[in-house]
Structure formats: structure tokens, C-alpha cells
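For reference, the structure is listed below as C-alpha cells.
The values are calculated or read from the model by the stated rules, or taken from the named source; none is laboratory data. Quick caveat: nothing in here was measured; it's all calculated off a predicted structure. A quick note on method: Cβ atoms are made from the backbone with ideal geometry, for glycine too, and the neighbour counts reach across all protein chains shown. Calculation scope for accessible area: heavy atoms of the full protein, side chains included, ligands and nucleic acids excluded. Shrake-Rupley method; radii C 1.70, N 1.55, O 1.52, S 1.80 Å.
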Amino acid sequence: QVQLVESGGGLVQSGGSLRLSCAASGIIFSMYVMGWYRQAPGKQRELVATIASGGSGGSTNYPDSVKGRFTISTDNAKNTVYLQMNSLKPEDTSVYYCYARRLGTSTQNWGQGTQVTVSS
């Protein structure tokens, strides 16, 4: 039973920072790819970040739109994945979703989403 519970969304000014948290249950991080996606009104859902800690030692992935500004990390003791967002821009405004996919499968698990609004 996989369950993802997000927190940390809110309103922030352009140039500011937020940290999103995703509390995961039913997951061992070494066996899953964890990530964050976002979806703004009228736009397709897009990848923000992924992290995989198993296999050859772990890896992260970011699109160019957030690379250098956002950082994904996990805390295994707390079973929580984080998204640290710095230098936020109005175009980062979106609903952010936590996601988990077990390695070797295509089944995706999603959190409920949390709103992030960046004002100019």
C-alpha cells in the first residue's frame, strides 16, 4: 500500500524559496524512483525532478527549466522526499505532485498535489 502525503506549498515572492515535503508510506526508497511533477492550468503535467537511490548508487534528473534552482533529496529515516526550490519564478506557479514508481514497473503512484504560487 503506497501512500504519498505532501506539504509545504504556499505563496512566495519571486526570488524566494520553498521546500516541499512528501511523506511516503509503503515504500523503500532503494526500490523506487521518487519524483516531483507539476501542472499549471492549461498546461501539461511536466517533470520537475526524480531521484533513484538504488542500483549503481543513485541518480537525480532535472529538466533545464529548474536545473540549478531545484534540488530533490530523501531522508530514509523519516521516509520523506523533499523538493528544495530556490530562486523561484512566476512561471514556477503550479500544483506540485509527489510521485513514486517501483523499479521494474510502470505503475505510478501520486500524491494529492499542493499549490505553489510565485508572485512577481
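Restricting the stretch 44-120 to trypsin sites (Lys or Arg not before Pro) that sit in a DSSP loop and have at most 12 other Cβ atoms within 10 Å of their own Cβ leaves Lys67, Lys78. For the stretch 71-85, the residues whose backbone nitrogen is under 20 Å from a point 7 Å from the Cα of Met31, taken along Cα to Cβ, are 74-81.
Beta bridges from DSSP with both residues in the chain: antiparallel share about 90 percent, rounded to the nearest 5. Put a dot 7 Å past the Cα of Thr60, heading toward its Cβ, do the same for Ser119, and the two dots end up 2.9 nm apart.
Could you state the number of Å between the C-alpha centres of the stretch 66-106 and the stretch 1-38? Here the answer is 5 Å between Cα centres. Rolling a 1.4 angstrom probe over the chain with all protein chains present gives an accessible area of which 46% lies on carbon and sulfur atoms. Taking the empirical scaling 2.2 N^0.38 Å for compact globular proteins as reference, the chain has a Cα radius of gyration ratio of 1.01.
Fully extending the segment from Ser73 to Val5 would add 22.9 nm, taking 0.36 nm per residue of separation and subtracting the current Cα-Cα distance.
Using the 1.4 Å probe convention, the accessible area of the stretch 1-48 works out to 54 Å² per residue with neighbouring protein chains retained.
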